[in-house]
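Worksheet: one structure, shown below.
The values are calculated or read from the model by the stated rules, or taken from the named source; none is laboratory data. Please read all numbers here as calculations on a predicted model, not as lab measurements. Here the Cβ positions follow ideal geometry from the backbone for every residue, glycine too, while neighbour counts run over all protein chains shown.
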Amino acid sequence: MTEFLFRSDSYLRSAPARVKAVSPEGGIVLDRTIFYASSGGQPGDTGFLETADGSRIAIAATVHPEGDKTQIVHLSAEGAPALAPGDGVTAVIDWDRRYRLMRMHTALHLLSVVFPFPVTGGSIGEDKGRLDFDMPEVPDNLTELEARLNEMASGSHAVTEEWITDAEMAANANLIKTMKVKPPTGQGRVRLIRIGEVDLQPCGGTHVRDTGEIGPLKLGKIEKKGAINRRVALLFG
Ligand SMILES: [Zn+2]
């Protein structure tokens, strides 16, 4: 198992690690990592691994192996120097990119507050994000919703994580009622992300620690994706 350092501290930009395995295709598995792997609509991190002699192995993408969320594979760019199990490296992520993704990701939690409809999908980009909602009609007060969104972001609400067990979840039916997304069960425990008094939902991604870091937001296009499905885009203002 790889230790997911970004879970407890999403602000780590670099960290020492040891190579556990290297696949023939150049996939590198570390004992611990700060690289988030593509999941839940958030793209995986890019960056590099620096070896003891100072050479750098560029990481073009980070993924979970098919069907295994407990492992993370760092995909090196073609022609990168080879690593071997046991090698010590310093992992460094493209922080500017990740920080934009963290800001947009956290902003999408807020978007789900101003659009209180079931979320059916989503995706996070550096400049733009989107959520798909089961929302039969487009609200006619979009200007007001955008203002509420910005009010929440600039309100400097603390973003914190908490873990609860499946049993605790089952024993607290009221908790599920406060959440828009039903948490996945069967893994023993669930990670919840709380945004002050405004939002609580299960999520495994990386977030800013204060909504004030998000900055100004702008609602984008709202597209019809099905009889009752609408795609709402969100941009940095
Ligand atoms: Zn999240």
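Computed values, structure above
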read-out: Residue tally, condition more than 21 Å from P116 (Cα to Cα) and either among the charged types (D, E, K, R) or within 16 Å of the ligand (Cβ to nearest atom) (or both), over segment 165-190; value: 4
read-out: Only one of L234, L200 that is assigned to a strand (DSSP E or B), in contact with a helix residue (DSSP H, G or I) (Cβ under 7 Å, 6 or more places away or on another chain) and away from the ligand (no atom under 13 Å from the Cβ); value: L234
read-out: Candidates P85, P81, P24, filtered to the one that is on the phi < 0 side of the Ramachandran plot and either of a type in the set (S, T, Y) or at pLDDT 95 or above (or both); value: P85
read-out: V89, sole failed condition from (1) within 16 Å of the ligand (Cβ to nearest atom); (2) among the aliphatic types (A, V, I, L, M); (3) buried (at least 17 other Cβ atoms within 10 Å of the Cβ); value: (1)
read-out: Of all residues making up segment 125-160, the number that are of a type in the set (D, E, K, R) and either buried (at least 16 other Cβ atoms within 10 Å of the Cβ) or under 16 Å from A107 (Cα atoms) (or both); value: 8
read-out: Exclusive hit being at pLDDT below 90 and among the hydroxyl-bearing types (S, T, Y), set T178, T160, T211, T165; value: T178
read-out: Elements of type strands (runs of 3 or more DSSP E) in segment 1-74, at least 1 residues being charged (D, E, K, R) and in contact (Cβ under 8 Å) with a residue 40 or more places away in the chain; value: 14-22, 47-51
read-out: Out of V208, V190, sole residue that is surrounded by 15 or more Cβ atoms within 10 Å (Cβ to Cβ) and in a loop (DSSP other than H, G, I, E, B); value: V208
read-out: Residue selected from segment 92-112 under the condition touching a Gly at 6+ places or on another chain (Cβ under 6 Å) and in a helix (DSSP H, G or I), by the criterion farthest from the ligand (Cβ to nearest atom); value: M104
read-out: Filtered residues of segment 211-231 (kept if of a type outside the set (A, V, I, L, M) and part of a strand (DSSP E or B)); value: K218, G220, K221, E223, K224, N229, R230, R231
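Yes or no, residue by residue, for (1) of a type in the set (A, V, I, L, M); (2) under 29 Å from R100 (Cβ atoms); (3) without any contact (Cβ under 8 Å) to a residue 24 or more places away in the chain; (4) touching a Gly at 6+ places or on another chain (Cβ under 6 Å):
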position	(1), (2), (3), (4)
E162	no, yes, no, no
P184	no, yes, yes, no
R189	no, no, no, no
D199	no, yes, no, no
T206	no, yes, no, no
G215	no, yes, no, no
